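*Asks:* Take this structure, written in structure tokens, and hold onto it; I'll ask about it next.
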Amino acid sequence: MPNWSYAFDPNRYDPSHDAYTILKAPFECTDRELKLQFRRSALECHPDKSSVPDATARFQYLNNAWEMLKNHRTIYDINRNAYLRIHHRHEEALRRQREAEQIRRQWEDQLRRRREEQHRHHEEFMRQMEARNREMLEQLRRQLEEQQRRQQEEQLRRQREQEERRQRQEQLRRQREERRRERQEQLRRQQLVEERRRRDKLRRQQEEENIRREQEEIRRVEREMEVIRRRREEILRREEMRCCESDDQDRQAMRQHPKSDSGHEPVRRTQPGRAAKSRNVSYVF
């Protein structure tokens, strides 16, 4: 048997024990239609007219739902709508978070593929340059050998100068290669630092955007809860005023008829569900 006190608190609303679902009535129905639907449902599960083993418990369950809507339908509807709005917005926020995470992963995959492609192109370019250099050196060596065969006498005199020149060229080439490698390494490091900074900046922007959305969502929920609290206080104040007016009417009736003919005080009559019943109601918030 559910505790119907949750009907006054939207945070404790349980959709599995919805009063409209129990009575099999739509949310937009009038009080008269709701009463007719309660009578139809009561005839189906009444202990005197139904052979179901748990007919008594089902009838009591149905009666409790009817009493809740009959006496406190306004508060119940407000809290039920508030729970449905909060639940819908929570689901929407989770969906947006999942979409943002999916987009972030796609961007990361694209950046990773782009870096791999750049690295592959760079390696291919380096292999081509090395092959071209080897071809040039081989061609130069063959030319030198041919010249040596044709000009052996003249080559003996110039051999030392050519050897020194070749060594100087080789040394300069190595120096150029080293400088080029250093520039490429420095450029690669700068690219890595810039890429890391850009990723950090994107991550911080995403985190700030998520925090801002969460704060806005919390402020909206707080404003809605404040509106619900004020409406609930207004409804309770009106009920107390009706109870006080009913008590004043009873006191005026007792002053007008202080005693009956038999010498006893007249019996104080109160309508059920009004002053006498409202004073004993304990609301749970």
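*Asks:* For region 27-61, give me each residue that is in a helix (DSSP H, G or I) and touching a Leu at 6+ places or on another chain (Cβ under 7 Å).
*Replies:* If the condition is that a residue be in a helix (DSSP H, G or I) and touching a Leu at 6+ places or on another chain (Cβ under 7 Å), then LEU34, GLN37, PHE38, SER41, ALA42, CYS45 are the ones that fit.
*Asks:* Something else: Would you check which residues across region 102-117 are over 13 Å from LEU202 (Cβ atoms) and surrounded by 12 or more Cβ atoms within 10 Å (Cβ to Cβ) and list them?
*Replies:* Within region 102-117, ARG115 is the sole residue that qualifies.
*Asks:* Follow-up question, since we're still on this one. Cβ-Cβ below 9 Å, separation at least six or inter-chain, first residue in region 165-182 and farther than 15 Å from MET126 by Cα and free of Cβ contacts under 8 Å to residues at least 60 places away in the same chain, second of a type in the set (A, V, I, L, M) and in a helix (DSSP H, G or I): which pairs?
*Replies:* ARG166/LEU140; ARG166/LEU144
*Asks:* What are the residues in region 191-211 that are of a type in the set (S, T, N, Q) and under 19 Å from ARG112 (Cβ atoms), if any?
*Replies:* GLN191, GLN206, listed by residue number.
*Asks:* Do you know which residues across region 140-188 are at pLDDT below 90, part of a helix (DSSP H, G or I) and not charged (D, E, K, R)?
*Replies:* Within region 140-188, LEU140, GLN143, LEU144, GLN147, GLN148, GLN152, GLN155, LEU156, GLN159, GLN162 qualify.
*Asks:* On to the next question. Which of (1) surrounded by 13 or more Cβ atoms within 10 Å (Cβ to Cβ); (2) free of Cβ contacts under 8 Å to residues at least 40 places away in the same chain; (3) of a type in the set (S, T, N, Q) is the odd one out, the single condition GLN97 does not satisfy?
*Replies:* All conditions pass for GLN97, except number (2).
*Asks:* Out of all the residues in region 160-176, is one or more over 33 Å from the mean Cα position of the chain (by Cα) and loosely packed, with under 10 Cβ neighbours inside 10 Å?
*Replies:* Yes, there is a match, as at least one residue in region 160-176 is over 33 Å from the mean Cα position of the chain (by Cα) and loosely packed, with under 10 Cβ neighbours inside 10 Å.
For (1) free of Cβ contacts under 8 Å to residues at least 24 places away in the same chain; (2) within 30 Å of GLU194 (Cβ to Cβ), each residue gets a yes or a no:
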{"position": "ASP31", "(1), (2)": "no, no"}
{"position": "THR56", "(1), (2)": "yes, no"}
{"position": "LEU69", "(1), (2)": "no, no"}
{"position": "ASN79", "(1), (2)": "no, no"}
{"position": "HIS88", "(1), (2)": "yes, no"}
{"position": "ILE103", "(1), (2)": "yes, yes"}
{"position": "HIS121", "(1), (2)": "yes, yes"}
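*Asks:* Same structure, new question: Please verify whether LYS24 is out of contact with any Lys or Arg (no Cβ under 6 Å at 6 or more places or on another chain), surrounded by fewer than 13 Cβ atoms within 10 Å (Cβ to Cβ) and on the phi > 0 side of the Ramachandran plot, treating the condition exactly as stated.
*Replies:* Against the criterion (out of contact with any Lys or Arg (no Cβ under 6 Å at 6 or more places or on another chain), surrounded by fewer than 13 Cβ atoms within 10 Å (Cβ to Cβ) and on the phi > 0 side of the Ramachandran plot), LYS24 qualifies.
*Asks:* Does SER16 satisfy being outside any helix (DSSP H, G or I), modelled with pLDDT under 75 and either hydroxyl-bearing (Ser, Thr, Tyr) or in contact with a His (Cβ under 6 Å, 6 or more places away or on another chain) (or both)?
*Replies:* no
*Asks:* Please state which of the following conditions ILE103 fails to meet, knowing it meets all the rest: (1) over 26 Å from GLN215 (Cα atoms); (2) at pLDDT 90 or above.
*Replies:* (1)
*Asks:* Mind checking which pairs have a first residue in region 142-155 that is under 15 Å from ARG166 (Cα atoms) and a second that is modelled with pLDDT of 80 or more and not β-branched (Val, Ile, Thr), Cβ under 6 Å, 6 or more apart or different chains?
*Replies:* Pairs that qualify, where the first residue is under 15 Å from ARG166 (Cα atoms) and the partner is modelled with pLDDT of 80 or more and not β-branched (Val, Ile, Thr): there are none.
*Asks:* Scan region 225-243 for residues that are farther than 17 Å from THR74 by Cβ and surrounded by 11 or more Cβ atoms within 10 Å (Cβ to Cβ) and jot them down.
*Replies:* MET225
The values are calculated or read from the model by the stated rules, or taken from the named source; none is laboratory data. Computed from a prediction, not measured in an experiment: that's the story for all the values here. Glycine gets a Cβ as well: all are built from the backbone with ideal geometry, and neighbour counts include every protein chain shown.
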